[in-house]
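Report on the structure given below.
No lab work stands behind these numbers, since they all come straight from the coordinates. Remember, predicted model here, so these are calculated numbers, not experimental data. Note that each Cβ is placed from the backbone with ideal geometry, even for glycine, and that neighbours are counted across all protein chains shown.
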Amino acid sequence: MHCASLPLCFFTPFGGISGSSSNMRILGIDPGLQTTGFGLLDAEGAELRYVASGTITTTHLDRGDLPARLKVLFDGICEVVQRYQPDVSAVEIVFVNVNPQATLLLGQARGACLTSLVSCQLQVAEYTALQMKKAVAGYGKAGKAEVQEMVKRLLKLPGLPGKDAADALGLAITHAHVAPAMARLDAASPLARRSTAMFKQGRSY
């Protein structure tokens, strides 16, 4: 695995557990061209344990230098994977918004994140923001502050995580909730897998 040095990544870890034995360590990624949030937790059955969270930023680079900014995201995620050794990853699915240019840039940032995860040999699951908010806060229209507060409660954090890190942790929590059902689907018939995937509107690779 070929990764850049740590100065390329601007981590803001919360100060959690590292290296504990677990059934599954999940890395959540909230993609963004300026700031990409990451969050890691260990899932042991129904118990969730916070590991670390933070951000990878590109604001120190020229806004017009898109290739350099995408490289920071790619290398930063690679650095996170090397440091924390997750077993699986969860990434937010991006939809088109009212600003096509912003959507295009976000899509390219998300592509850099996905490519980095796959290059590190990680399985990738994808969830919509609606799915994440339902899993974490109980309803799909929850605001950023509500997601932050619920992530804090669910992971028993001493303080609120940042917005980007909270969304990333929310994606990891979502996968922890969904993963057992996905494992059962793997043993189901192809028809059952297709029907359930269409209902959930999520993806797993």
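Listed values, structure above:
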{"item": "Förster radius 45 Å - calculated FRET efficiency between S119 and K156 (Cβ-Cβ, nearest 0.05)", "result": "0.85"}
{"item": "Compactness index (Cα Rg / 2.2 N^0.38 Å), the stretch 82-130", "result": "1.29"}
{"item": "Loop trypsin sites (Lys or Arg not before Pro), the stretch 114-143 (other Cβ atoms within 10 Å of the site Cβ: 14 or fewer; DSSP)", "result": "K141"}
{"item": "For the stretch 27-33, Karplus couplings with θ = phi - 60° (6.51, -1.76, 1.60), whole Hz, Gly/Pro x", "result": "9, x, 10, 9, x, x, 6"}
{"item": "Under-5 Å amide H pairs with D87, H placed in peptide plane, nonlocal only", "result": "R25, I26, L27"}
{"item": "Inter-probe distance in nm under a simple model that places probes 7 Å from Cα toward Cβ, at E44 and V98", "result": "4.8"}
{"item": "Whole-Hz ³J(HN,Hα) from phi, Karplus 6.51 cos²θ - 1.76 cosθ + 1.60, for the stretch 60-71, glycine and proline x", "result": "7, 9, 4, 4, x, 8, 4, x, 5, 5, 5, 5"}
